[in-house]
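Notes for the one structure printed next.
Bear in mind these aren't lab numbers, they're just calculated from the coordinates by the rules spelled out. None of the values given here were measured: they were computed from a predicted structure. Neighbour counts are summed over all protein chains in view; Cβ atoms, including those assigned to glycine, are modelled from backbone coordinates with ideal geometry.
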Amino acid sequence: MRVGKEKGVSIAPELIGLFFEDINFAADGGLYAELIENRSFEAKEAYGNPGRFYAVDDFGYAWKTLYQAGEEEPLMQYVTGTPVSAVNPHYLRFTAKQAGQGFTNKAYDGIRLEKDHTYKVSFYARCVAYEGEWFQITVQRDGQIFAQAEVKAVKPVPYVPFCDLKIPMEVGYGTLNPDIEKIHQMDQSDKCRRNEWIKYEAVLTALDDVRGAQFAITLDAPGIVEFDLISMIPEDAVSGIFRKDLFEALQAIKPGFVRFPGGCIVEGISLDNRYYWKNTVGDVKDRRYISNLWAFDDDWGKNDPMTKRPDAHYGQSFGLGFYEYFLLCELLGAKPLPVLNIGTACQFRSTEMVDSDSTEFEEYVQDALDLIEFANGPVDSKWGALRAKMGHPEPFGMDYLSVGNEQWETQYLDLRYRYERFEAAIHAKYPEIRLLGTAGPFMECSITEDAWKYYREKAKENPNFSYAVDEHYYVSPQWLYDHVAMYDDYPRDVAVFAGEYAAHTEARENSMESALAEAALLTGIEKNADVVKLASYAPLFNRIGHSQWKPDMIWFDDREVYLTPNYYVQKLFANHRGSHTVLLHDQDVELRKKGIYVSVSMDEDENIIVKTVNTTHQNFELSLEDADGAAVSASGKQWTLQGTGEIPEGLPEKSVVAEQKIQIKGSVTLPGQSVVVVTYR
């Protein structure tokens, strides 16, 4: 293969990015480092399937009583009245019958502690009728304590009418309680007003390693205490928010953007269940808990109204909301690419929508304008002020916005008209925002063709109408091989965003079989970087044992992170992107006939980057010549991704990336079934 320095097209720095949707416990129970499940006592159990969805309150889910054999069981009630926050109105009213009784949380698959690591615990509590002095906080398993702390209970000042007068008042009508004077004489320095919630904080230090443990709070005397918003987060969580090992896996990719929050979750099973960004910012206690769309069964073929998924309690606390999302992008050095609802529930699950000429629809458009203000606005604006109050006065620099997820035009849903309303309002106020439209959920169908025709026609009138159109394709590995060159012939008037794609094998496994096909596709995407501006594999995360969708890029449990071959493909292409392509003059086309897929780029320092995919089972010797036809003789580096062929039950295929320095003497060896990146100067 002759590799000169003839420039092809520029490659956008953000070409390879991430798509983060809260599916497979990606947020709660995943990247969001919170260990407590159902921390605000608002859980619901999801039932039904499309057209029959409903949810049943189960406020005590994940919690249970803790007491000794032979004792009267303590009482756990989930009540309303005077909550910590009106948006999450339920809280625990706990009645201990004896000292030492308490309650536990199962914490997803159980609490995992690492010896000597520290964990921040916080909760709100209110002593209703409690004479004890302390609350004990423990992490325990099978009777053994692995971490513990205690906090002193704050008691309320007794109250009777007129006890809080600032002026003397004589007893004349028999209405004054003789206890008033006693109340006046009390030391009130360590007390609170009756009905006042007190926030308690403590730090637990792990005495030893443990998995599958329970979090517990116990009382040192009988009595009644109310609790709400109970939290436990490892102190090594990045920015106090993100699970460290999962964050580091994302950081290693060096993504150019992060698409968020979805995906179908943007729309919800109903509009009430949609991802409403304004409910995900501000104090975490004021973020309304809802059932996750992926808690509901999406199988249209089921007729049992009691059908439910194993993780029917899967919920969204929004501890990882839009502010945390923008912060994540900043920490990763990635551009934000948020997706907003256009006034419709998920078309795969519902027909609910607001009328596009209604005041309700105007609220959706205003939500988009307000999100831009939240991300970028000055601190003296309404939403910019909230961002600053949350700790980030500097703007986040958002300049992408996706209008809708994967909607399509129907006799009921006027997708195009809705997009036009969003576009006109947004560009009238923020002309610098790059808007993305949607081509629908599939490729090679009338829906997609019709959508592209629309966006291209509008581009003739207004080149700024849509920066890119979002394409989604979950397809077989062979489909990707057959379509590596599909973007060669795309018109260049409107860019492409490959927003969701993955190779699905028959077994839906994360394997080298699917990774090789995705790598082959990326050679074609990189070659056509003048039209494909953004690309993201989907989905991102999968908590083992809690999956609603496979395959996924990163698998994990409470302790381990399993990086798939598909992950390494994304990392290799993102880490070795280059600033522009190098023209190959159809040499890549000829190599494909031999099962070899290649793309070549060059960085700003004129280092040559050769990315190759060997889909055959034999080694392939790839010759390298310079522009004059002389054999390349140079020092370089090589990264080789290969699978092991070992796919443990319930896990992705094991794979490894070998990095080495090499001396190129006219060729490089590409092992069978491998992805190889070579750099040299």
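The figures follow:
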item	result
Cβ-Cβ FRET estimate between Ile145 and Tyr490, R0 fixed at 45 Å, reported to 0.05	0.15
Folded to 0 to 90 degrees: helix 512-527 orientation relative to the chain principal axis, Cα	70 degrees
Gyration tensor verdict on the stretch 306-398 (Cα atoms; rounded if a/c is under 1.5, prolate if a/b is larger than b/c, oblate otherwise)	oblate
Calculated FRET efficiency for the pair Asp304/Gln478, C-beta based, R₀ 30 Å, to 0.05	0.25
Contour excess over end-to-end distance, with Cα ends at Ala424 and Ile662 and 0.36 nm allotted per residue	80.2 nm
Neighbourhood charge, 15 Å Cβ-Cβ cut-off, centred on Tyr455 and excluding it, Lys, Arg +1 and Asp, Glu -1	-2
Karplus-derived 3J(HN,Hα), 6.51/-1.76/1.60, for each residue of the stretch 475-492, Hz, glycine and proline x	9, 6, x, 5, 4, 5, 4, 5, 10, 4, 9, 5, 7, 4, 9, 5, x, 9
Share, in percent, of DSSP beta bridges within the chain that are antiparallel, nearest 5	75 percent
Summed side-chain charge close to Ala202 - residues other than Ala202 whose Cβ falls under 10 Å, Lys, Arg +1, Asp, Glu -1	-1
Calculated [θ] (222 nm, deg cm²/dmol) that DSSP helices of n ≥ 4 give over the chain, each run adding -39,500 (n - 2.57)	-5500 deg cm²/dmol
Stretchable slack from Ala252 to Cys445, in nm (0.36 nm times residue separation minus alpha-carbon distance)	65.8 nm
Met443, Met232 arranged by Cβ crowding within 10 Å, fewest neighbours leading	Met443, Met232
Whole-Hz ³J(HN,Hα) from phi, Karplus 6.51 cos²θ - 1.76 cosθ + 1.60, for the stretch 603-608, glycine and proline x	8, 5, 8, 6, 7, 7
The stretch 346-446: GluC sites (Glu not before Pro) in DSSP loop, at most 12 other beta carbons within 10 Å	Glu432, Glu444
Taking Ser381, Ser674 and counting other C-beta atoms within 10 Å, the order from fewest to most	Ser381, Ser674
Gain upon complete extension [Gln587, Val561; 0.36 nm per residue less C-alpha separation]	5.5 nm
Phi-based couplings in Hz for the stretch 668-674 (Karplus 6.51, -1.76, 1.60; Gly and Pro marked x)	10, 8, 9, x, x, 6, 9
Relative contact order of the stretch 587-680, defined on C-alpha pairs under 8 angstrom at six or more residues apart (%)	35 percent
Residues whose placed amide H lies under 5 Å from that of Tyr400, excluding near-sequence neighbours	Arg434
Sites Cys192 and Ile167 - FRET efficiency at Förster radius 22 Å, r taken between beta-carbons, to 0.05	0.40
Ranked Met398, Met512, criterion: other C-beta atoms within 10 Å, fewest first	Met398, Met512
Three-way shape call for the chain based on the alpha-carbon gyration tensor, with the a/c threshold at 1.5	prolate
Shape of the stretch 247-309, Cα gyration tensor, a/c cut at 1.5	oblate
